[in-house]
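> Please read through the structure below; I'll follow up with questions.
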Amino acid sequence: MAAQDTPSPLRIEGFVIVSADGMIANERGEMPAEITIAADQRQFHASLDAAAVLVHGRNSSEGGPKAAARRRIVLTRKVTALAPDPGNAKALLWNPAGASFEDALASASVTSGLIAIIGGTEVFGLFLPRYDAFHLSRTGKARLPGGRPVFPQVPELTPEAVLASHGLIASEPRVLDADAECTLVTWR
């Protein structure tokens, strides 16, 4: 196998739950209870437990009892390129305008494993050309008009149309919670 054919030891995967209209938060930027589905949360946190690093914006996080123990790269415009997070020894602040993602990974000492992209809108959009997989959970009962979309192209396009336009192919939907009409589709 030629060097360029060698699979990367890193996998970039997105994880999100959206409302029926493709939103990740309400108009105030808060994730409301209507889209916080217990079965999805279990799936989400189990995946994060396996991650080498989490990547998210400064207003996003996963919460839960293990959050403080997880290594993370936090996107922000408050630094020029890369800087340690003064409030979290396990976090690196990264400005994509000043440093490459590869530089951020090297600074965080991440050379292999799962890179879990967990939001927000701009962060999910930044990685669209690079996802190995995107785990899209959707609850069919909640709508968040005026909310924060999963990708910058939403609501003009559905999240599914955005993922398909980047060459990702959907798995069969898996029902996580029938009462909440919550499904999970993995796009690869």
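> Find all pairs meeting these conditions: Cβ atoms under 6 angstrom apart; at least six residues apart or on different chains; first residue within region 130-144 and of a type in the set (Lys, Arg); second residue surrounded by 16 or more Cβ atoms within 10 Å (Cβ to Cβ) and not in a loop (DSSP other than H, G, I, E, B).
Between residues of region 130-144 that are of a type in the set (Lys, Arg) and residues that are surrounded by 16 or more Cβ atoms within 10 Å (Cβ to Cβ) and not in a loop (DSSP other than H, G, I, E, B), the close pairs are ARG130/ILE12; ARG138/VAL18; ARG138/THR183.
> How many residues does region 131-151 hold that are within 18 Å of the chain's Cα centre (by Cα) and open to solvent by less than 50 Å² (accessible area, probe 1.4 Å)?
Quick first cut of region 131-151, residues within 18 Å of the chain's Cα centre (by Cα) only: 131-139, 147-151.
Checking the rest, the ones that are also open to solvent by less than 50 Å² (accessible area, probe 1.4 Å) come to 131, 133-139, 147, 149-151.
Qualifying residue count, region 131-151: 12.
> Can you run down the residue pairs with Cβ atoms below 8 Å, 6 or more apart or on separate chains, where the first is in region 61-72 and at pLDDT 90 or above and the partner is acidic (Asp, Glu) and open to solvent by less than 70 Å² (accessible area, probe 1.4 Å)?
ARG70/GLU62
> Still on this structure, I have one more. Looking at VAL154, VAL110, can you tell me which residue is touching a residue at least 60 places away in the same chain (Cβ under 8 Å), crowded, with 16+ Cβ neighbours inside 10 Å and more than 30 Å from CYS182 (Cβ to Cβ)?
Working: VAL154 fails: more than 30 Å from CYS182 (Cβ to Cβ).
Only one candidate passes the filter, namely VAL110.
> Would you mention how many residues in region 117-135 are outside any loop (DSSP other than H, G, I, E, B) and under 20 Å from ALA52 (Cα atoms)? Before you say what the answer is, go through the steps one by one.
Here is the first cut: in region 117-135, the ones outside any loop (DSSP other than H, G, I, E, B) are 117, 121-126, 133-135.
From the residues that got through so far, the ones that are under 20 Å from ALA52 (Cα atoms) too are 117, 123-124, 126, 133-135.
Of the residues in that region, 7 qualify.
> How many residues are within 24 Å of TRP94 (Cα to Cα), open to solvent by 20 Å² or more (accessible area, probe 1.4 Å) and among the small types (Gly, Ala, Ser) if we restrict to region 17-50? So that I can check it myself, show each step before the final result.
Restricting attention to region 17-50, the residues satisfying the condition of being within 24 Å of TRP94 (Cα to Cα) are 24-25, 29-31, 44-45, 47-50.
Add one more test, that the residue is open to solvent by 20 Å² or more (accessible area, probe 1.4 Å), and what stays is 24, 29-31, 44-45, 47, 49-50.
Those left that are additionally among the small types (Gly, Ala, Ser): 29, 47, 50.
Counting residues in region 17-50 that are within 24 Å of TRP94 (Cα to Cα), open to solvent by 20 Å² or more (accessible area, probe 1.4 Å) and among the small types (Gly, Ala, Ser) gives 3.
> What single numbered condition from (1) touching a Lys or Arg at 6+ places or on another chain (Cβ under 7 Å); (2) of a type outside the set (Phe, Trp, Tyr); (3) more than 21 Å from ALA170 (Cβ to Cβ) fails to hold for ALA133?
Here ALA133 meets the rest and fails (3).
> Here are some residues: GLY147, GLY120, GLY125. Which one is touching a Pro at 6+ places or on another chain (Cβ under 6 Å) and either aromatic (Phe, Trp, Tyr) or within 22 Å of ARG28 (Cα to Cα) (or both)?
Details: GLY147 fails: touching a Pro at 6+ places or on another chain (Cβ under 6 Å); GLY120 fails: touching a Pro at 6+ places or on another chain (Cβ under 6 Å).
The match here is GLY125.
Listed here are the residues, each with its yes/no results for (1) of a type in the set (Asp, Glu); (2) open to solvent by 80 Å² or more (accessible area, probe 1.4 Å); (3) touching a Ser or Thr at 6+ places or on another chain (Cβ under 6 Å).
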| position | (1), (2), (3) |
| --- | --- |
| VAL55 | no, no, no |
| GLY64 | no, no, no |
| ARG72 | no, no, no |
| ALA81 | no, no, no |
| GLU102 | yes, yes, no |
| PRO129 | no, yes, no |
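> Scan PHE101, PHE15 and give me the residue that is under 14 Å from the mean Cα position of the chain (by Cα), aromatic (Phe, Trp, Tyr) and within 19 Å of VAL123 (Cβ to Cβ). Can you show your working first?
Numbers: PHE101 fails: under 14 Å from the mean Cα position of the chain (by Cα).
Answer to the check: PHE15.
> Going by the structure shown, is ALA161 more than 15 Å from VAL55 (Cβ to Cβ), hydrophobic (A, V, I, L, M, F, W, C) and part of a loop (DSSP other than H, G, I, E, B)? Even if it seems obvious, please write down each step before you answer.
Details: more than 15 Å from VAL55 (Cβ to Cβ): yes; hydrophobic (A, V, I, L, M, F, W, C): yes; part of a loop (DSSP other than H, G, I, E, B): no.
Against the criterion (more than 15 Å from VAL55 (Cβ to Cβ), hydrophobic (A, V, I, L, M, F, W, C) and part of a loop (DSSP other than H, G, I, E, B)), ALA161 does not qualify.
> So how many residues does region 113-128 have that are out of contact with any helix residue (DSSP H, G or I) (no Cβ under 8 Å at 6 or more places or on another chain) and closer than 18 Å to PHE44 by Cβ?
Result for region 113-128: 7.
> Does LEU54 satisfy the criteria of being more than 25 Å from GLN153 (Cβ to Cβ), at pLDDT 95 or above and within 18 Å of the chain's Cα centre (by Cα)? Let's see the steps before the verdict.
Values: more than 25 Å from GLN153 (Cβ to Cβ): no; at pLDDT 95 or above: yes; within 18 Å of the chain's Cα centre (by Cα): yes.
In short, no.
> Give me the pairs: first residue in region 171-188 and within 16 Å of ALA161 (Cα to Cα), second residue surrounded by fewer than 18 Cβ atoms within 10 Å (Cβ to Cβ) and charged (D, E, K, R), beta-carbon distance under 6 Å, and six or more apart or on different chains, which are they?
LEU184/ARG174
The values are calculated or read from the model by the stated rules, or taken from the named source; none is laboratory data. Everything numeric here is computed off the predicted structure, so don't read it as measured data. Here Cβ is always computed from backbone atoms with ideal geometry, including for glycine, and neighbour counts include all displayed protein chains. Just the protein is used for accessible areas: all its heavy atoms, side chains included, with ligands, DNA and RNA removed. Shrake-Rupley method; radii C 1.70, N 1.55, O 1.52, S 1.80 Å.
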